[in-house]
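Peer 1: Here it is, the structure in full.
Quick note: the coordinates plus some simple rules give every number you see, no bench work behind them. Quick caveat: nothing in here was measured; it's all calculated off a predicted structure. A quick note on method: Cβ atoms are made from the backbone with ideal geometry, for glycine too, and the neighbour counts reach across all protein chains shown.
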Amino acid sequence: MTDTQGGLRGWSAGRRGSLSRLRFTSLRLRLVLVFGLVALTAAVSASGIAYWLNREAVLTRAQDAVLRDFRQEMQNRAGALPEHPTQDQLQRAASQMAASSQRFSVLLVAQDADGKTVYGNSGGINGFALEDVPKTLRAAVTRRQEVSDTNKEPYHLYWQRVTEDGTPYLVAGTRVIGGGPTGYMAKSLEPEAKDLNSLAWSLGIATGLALIGAALLAQAAATTVLKPVHRLGVAARRLGEGKLDTRLQVSGTDELADLSRTFNNAAEALEQRVAEMAARDDASRRFVADMSHELRTPLTAITAVTEVLEEELEAETGSMDPMIEPAVRLVVSETRRLNDLVENLMEVTRFDAGTARLVLDDVDVADQITACIDARAWLDAVELDVERGLHARLDPRRLDVILANLIGNALKHGGSPVRVSVRQADDSVVIQVRDHGPGIPEDVLPHVFDRFYKASASRPRSEGSGLGLSIALENAHIHGGEITAANSPEGGAVFTLRLPRDASELTEENGEGGRDTKTDQHRPGEEGS
Amino acid sequence: MGQNVRVPSLLLIEDDDAIRTALELSLTRQGHRVATAASGEDGLKLLREQRPDLIVLDVMLPGIDGFEVCRRIRRTDQLPIILLTARSDDIDVVVGLESGADDYVVKPVQGRVLDARIRAVLRRGERESSDSATFGSLVIDRSAMTVTKNGEDLQLTPTELRLLLELSRRPGQALSRQQLLRLVWEHDYLGDSRLVDACVQRLRAKVEDVPSSPTLIRTVRGVGYRLDTPQ
């Protein structure tokens, strides 16, 4: 039941699709045209031949009968006339001849005793006249031929078909041998023409039916061909959309089945290849994650100890060997760098693995920015243009990471003063960080958020980890926000951070997709009023 | 040294030798007395023998893990516990706070930060001057640092007690999570608000008649928490 329904739906979908794409190059139209042409050629030639043969057969039979009769009558009646008959005799003979079973009109021409030409006509004055007989026929009839071995008679019976006022006639003429009147006859072929007309009509209708049949057959053939093609198209589109498990049902052994089989093989190979690549990608990500985890343990110990060394440096200057002191300082500062790097790597791997979570709180954005700048002793280098009382629901730690990276980057590459402005736009908070440096070269601009991207090869060691802006961007994305980099027309680079004022909808979605934490730590105690 | 200053004693439970040694060194230099254990089982045994003021507990331990150690301690004891987590994955932090930890630090931890957290937690148990306050059946005695409900003593950890004290100092007034983090945990502006949420949940479980529909510690949506006198 469901199968037929599915089939029907597929059908109508296919129809709709083919109708909307009906063009002259479409396979369906081409098939219909070719089928139609073949049918037309076959039908027209068959009916043409049939019509022609029939026509000849009918006409010949009618004609033979008429001519036989005419010859007979000529011999019997005209031959019996005297050599120079009178007008009356001629007229009577013509009437008698016309009364034969074939009902043709007769015209007899002779010369009377005075040498005057006399006419005998079966249909009276208005009947058959000499003008109705074509001149060529008259000439042929009256021409005397040489008598030889092959041609025994000096005169022959000639006939011709003429059409007068749309009615076909058979006109024939002969001369009585051995002196006598010349006789002409005309017989309407209208009954035969009518028969032939109706035959032509029937054949035309048959041809039309054949054409319609051919068109329907072509449609059916096109559908049987196009349905698999359509299915193939749909499957290819699904494959393109990333549904790599798309397969076609292969039925039959024709070329389309071959094509479907090829498609399936290709899809399988593609799926396998993508799975392999994903596995390799996963493995390398896991490696980075594991590695940064492993780095942490020794780093924790080293950090704790370097602090002891650092305090030693600060507390009692001079007590340390002057050779050792710079070494200790180097170890302390590099340990801090290593700490930052590992911390950033951990952060990046969390984003890559999709385990990063938002910890939302209601914060005053201005307070957060001030605190961020204050905590890093940047107050002197940063100009603040902040709207007070702008509250947002976001992750304060992640906002701090974004701000610290953007402002830190501006201070490092652009130089002070760095200007930070905060505006509210619709449902989002827009924070702009603008420096007064040389700006970012156009070719670098698309890569500023890339990991470990160095603006120039001549700057081998930047102070940062090379992950800062990338992490800032990821942190904005997890809020459902965005960071864009551009150059200000007045000079200097401008980074624009846009965050939604309430990111809680996002965490609910994330929470469902991710691991369940059992407690609703983001929104505790909703039961209260 | 000769002064009457009590040196706080700590118990550090950490399985990695290098970290244990380094942290012991660092914390000792900061002026703490440090006892160490290399596993959760050893730590619990040591806890019965000598009573430290605070426990610094690693999460990833062989045998019973840090969360379980935390839960076992909480069954009988309100000792302050600071978790040392190698993974700052959010899930770890949440589980740690649920199992009853007062605070957490993420490795690689700086000795100074750990020391500051330890001192902040220890300060929570310090006595305050003056008076007592009553909220329905709940009586908070600020001089004795005790809380009674229907005349029965409640066992609160120093953090829970401090949270209740800070809320009771401003009855009917909503305090934001960030404010509470500063007042109770003495965290900087980036404190983890889940500390507050987890602590409020634990406090409600002990203080409220029906913890799932609180009448004393109310949630103020979009702001934080507020202590009310029941009508």
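Peer 1: Once phi is turned into ³J(HN,Hα) by the Karplus curve 6.51 cos²θ - 1.76 cosθ + 1.60 with θ = phi - 60°, what whole-Hz value does each residue of the range A:223-236 show in order, with x for glycine and proline?
Peer 2: 5, 5, 7, 6, 4, x, 5, 5, 4, 4, x, 4, 5, 5
Peer 1: Next question, about the same structure. Taking amide H atoms as placed 1.01 Å from N in the peptide plane, list the residues 5 or more away in sequence, or in a different chain, whose amide H sits under 5 Å from that of B:Ser132.
Peer 2: Amide H neighbours of B:Ser132, under 5 Å, 5+ apart: B:Arg142.
Peer 1: I would also like to ask the following. Just to be sure I understand the model, the point goes 7 Å from the Cα along the line to the Cβ. What's the resulting A:Gln145 to B:Arg112 distance in nm?
Peer 2: Going by the 7 Å Cα→Cβ label model, 13.9 nm.
Peer 1: I want to check the label-to-label distance for A:Arg388 and B:Asp131. Put each point 7 Å from Cα in the C-beta direction and report it in nm to one decimal.
Peer 2: Distance between the two pseudo-spin positions: 3.1 nm.
Peer 1: Tell me the angle of helix A:396-409 to the major Cα principal axis of chain A, expressed in degrees between 0 and 90 and rounded to the nearest ten.
Peer 2: 90
Peer 1: Only four residue types carry charge here, +1 at the Cβ of Lys and Arg and -1 at the Cβ of Asp and Glu. Report the dipole size of the protein assembly as shown about the Cα centre in Debye, rounded to the nearest 20.
Peer 2: So the dipole magnitude of the protein assembly as shown works out to roughly 3680 debye.
Peer 1: I would also like to ask the following. Using only Cα atoms, tell me the angle between helix B:66-76 and the longest principal axis of chain B; keep it within 0 to 90° and round to the nearest 10.
Peer 2: 50
Peer 1: Let me ask something else about it. Among the DSSP beta bridges whose two residues both lie in the protein assembly as shown, what percent are antiparallel, rounded to the nearest 5? Don't skip to the answer; put the middle values down first.
Peer 2: On the way: 64 of 87 bridges.
The answer is about 75 percent antiparallel.
Peer 1: Now, a different point. Based on the alpha-carbon gyration tensor of the range B:9-124 and its eigenvalue square roots a ≥ b ≥ c, which shape applies: rounded if a/c is under 1.5, prolate if not and a/b is larger than b/c, or oblate? Please list the in-between numbers first.
Peer 2: Details: a/c = 1.21, a/b = 1.10, b/c = 1.10.
Note, shape of the range B:9-124 comes out rounded.
Peer 1: Quote the FRET efficiency, to the nearest 0.05, computed for A:Leu217 versus A:Ala283 with a Förster distance R0 of 56 Å and r equal to the Cβ-Cβ distance. Mind showing how you got there, number by number?
Peer 2: On the way: r = 58 Å, r/R0 = 1.03.
It comes out at approximately 0.45.
Peer 1: Just grab the label-to-label distance for A:Gln72 and A:Glu153, each label 7 Å out from Cα along the Cβ direction, in nm (one decimal).
Peer 2: Going from the A:Gln72 label point to the A:Glu153 one covers 1.6 nm.
Peer 1: Can you list the HN-Hα couplings for the range B:114-125, worked out from phi with the Karplus curve (6.51, -1.76, 1.60; θ = phi - 60°), rounded to whole Hz and with x for Gly and Pro?
Peer 2: 4, 4, 4, 5, 4, 5, 4, 5, 5, 4, 4, x
Peer 1: Next question. Round to the nearest 0.05 the FRET efficiency obtained for A:Glu271 and A:Phe452 when R0 = 41 Å and r is the Cβ-Cβ distance. Please list the in-between numbers first.
Peer 2: Working: r = 32 Å, r/R0 = 0.77.
After rounding, the FRET efficiency stands at 0.80.
Peer 1: A follow-up question, please. What range in chain B is the longest one free of GluC sites (Glu not before Pro) that are in a loop by DSSP and have at most 11 other Cβ atoms within 10 angstrom?
Peer 2: Working: sites that count: B:Glu126, B:Glu128.
With a cap of 11 other Cβ atoms within 10 Å, the longest stretch comes to B:1-125.
Peer 1: Taking amide H positions as placed in the peptide plane 1.01 Å from N, state which residues far from A:Ala503 in sequence (5 or more) or on other chains have amide H under 5 Å from it.
Peer 2: The answer is A:Arg393.
Peer 1: What is the angle, in °, between the Cα long axis of helix B:40-49 and the longest principal axis of the Cα atoms in chain B? Nearest 10 is fine, range 0 to 90.
Peer 2: 70
Peer 1: Can you give the helix-only mean residue ellipticity at 222 nm for the protein assembly as shown, where every DSSP H stretch with n ≥ 4 adds -39500 (n - 2.57) and the sum goes over all residues, rounded to the nearest 500 deg cm²/dmol? Walk me through the intermediate numbers first.
Peer 2: Working: 19 runs with 362 residues, N = 760.
That calculation yields -16500 deg cm²/dmol at 222 nm.
Peer 1: OK, next. Could you give me the ³J(HN,Hα) list for the range A:95-109, computed from phi with Karplus coefficients 6.51, -1.76, 1.60 and θ = phi - 60°, whole Hz, x at Gly and Pro?
Peer 2: Taking θ as phi minus 60°, the curve returns 4, 5, 5, 5, 7, 5, 5, 7, 6, 9, 8, 10, 10, 10, 10 Hz for the range A:95-109.
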